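For reference, the structure discussed in these notes is given below.
The values are calculated or read from the model by the stated rules, or taken from the named source; none is laboratory data. Keep in mind that what you see is a predicted model, and the values were worked out from it rather than measured. Note: ideal-geometry Cβ built from the backbone for every residue, glycine included; neighbour counts use all protein chains shown. Side chains included, ligands, DNA and RNA excluded: accessible areas come from the protein's heavy atoms. Shrake-Rupley method; radii C 1.70, N 1.55, O 1.52, S 1.80 Å.
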Amino acid sequence: ILIIVAAVIGVLVVVAVALPFVVPVNAYRGQIEQPASAATGRQLKINGALRLRIFPTLGVKAEQVTLANVPGGQAPYFATMDSLGVGVKLLPLLSGKVEVSQVTLNKPVINLEVEKDGKGNAVSTRAASPGRSAACPGPACPRVPSSRRFVAATAAATASSGPPSRMPRQTSPPSLPR
C-alpha cells in the first residue's frame, strides 16, 4: 500500500510540474484583458508573457502590464508594471467560483494626477458594490483580494498646474486625499 501512495504522490507531482507547460494560458489573454478593462473603465493590456502558476499559490502571472489613464490624463498610463500576479483559491475554483486570494504587483509605476477641480485619476470611472466590480456583479465573479503586495512601487504625482514629480519608493499603496 505504501508503494501505491508513493506512486499517486509521484503522479501528482509530475502533473503539477507539467501543467504550466501544457495549458495554453495565452489563449485566455483576451478573457483576462476584457473583463479587467470593463471593470476599471480603462484598457488593461498584457504586453508580455502570460503564465500559469502552481506554487506558492494557484494563479496566473502576466508580464509587462499596462492600465490606461483616464481620458485627458497627462500620462498615457495610470499604471505600468513589470509583472502582475493573481492568485486564486483552489476549492471555490473547483465549484466554478473565482476567489482572488492574492494580487502582487512587481515594480509598479502609478501615475497619480489631480485636475484643477480636485478630481483625481485614481478613482475608477465605474460604480460598483463593495467587493464586486460593475462589470461582474454576480456570485461567480472574482472577490476582492484578501492580500495585496507591492514590490518596489513608484508613484508619480501630477497636478494640472505643474510638471510631474516622483514620489519615493513605497511598499504600500500611497494615501490619496478624498
Q: Scan (1) in contact with a Pro (Cβ under 7 Å, 6 or more places away or on another chain); (2) buried (at least 19 other Cβ atoms within 10 Å of the Cβ) for the single condition Ala62 breaks and write down its number.
A: (1)
Q: Just name the residue that is farthest from Val13 (Cα to Cα) out of those in segment 48-63 that are modelled with pLDDT of 90 or more and not in a strand (DSSP E or B).
A: Gly48
Q) When you look at Thr104, is it within 21 Å of Asn69 (Cα to Cα), at pLDDT below 85 and β-branched (Val, Ile, Thr), yes or no? A) no
Q.
If I filter segment 64-74 down to residues being more than 12 Å from Arg42 (Cβ to Cβ) and assigned to a loop (DSSP other than H, G, I, E, B), which single residue comes out as modelled with the highest pLDDT?
A. Gln74
Q) Between a first residue in segment 76-94 that is without any contact (Cβ under 8 Å) to a residue 12 or more places away in the chain and a second residue that is open to solvent by less than 40 Å² (accessible area, probe 1.4 Å), which pairs have beta carbons less than 9 Å apart while being 6 or more apart in sequence or on different chains? A) Pro76/Thr66; Pro76/Ala68; Pro76/Asn69; Pro76/Asn111
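Can you find even one residue in segment 27-45 that is assigned to a strand (DSSP E or B), open to solvent by 40 Å² or more (accessible area, probe 1.4 Å) and not aliphatic (A, V, I, L, M)? Even if it seems obvious, please write down each step before you answer.
Keep residues of segment 27-45 that are assigned to a strand (DSSP E or B), which gives 44-45.
Now drop any that are not open to solvent by 40 Å² or more (accessible area, probe 1.4 Å), which leaves 45.
Filter once more, so that each one left must be not aliphatic (A, V, I, L, M): 45.
The answer is yes; a qualifying residue exists.
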Q: Report, by residue number, each residue of segment 85-117 that is open to solvent by 30 Å² or more (accessible area, probe 1.4 Å), more than 17 Å from Val25 (Cβ to Cβ) and assigned to a loop (DSSP other than H, G, I, E, B).
A: Lys89, Ser95, Gly96, Lys97, Glu99, Lys107, Glu115, Lys116, Asp117
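Could you check how many residues of segment 16-26 are open to solvent by 80 Å² or more (accessible area, probe 1.4 Å) and either aliphatic (A, V, I, L, M) or in contact with a helix residue (DSSP H, G or I) (Cβ under 8 Å, 6 or more places away or on another chain) (or both)?
The first filter runs over segment 16-26 and keeps only residues open to solvent by 80 Å² or more (accessible area, probe 1.4 Å), leaving 17, 21-22, 24, 26.
After this cut, where a residue has to be either aliphatic (A, V, I, L, M) or in contact with a helix residue (DSSP H, G or I) (Cβ under 8 Å, 6 or more places away or on another chain) (or both) as well, the list is 17, 22.
Selection size over segment 16-26: 2.
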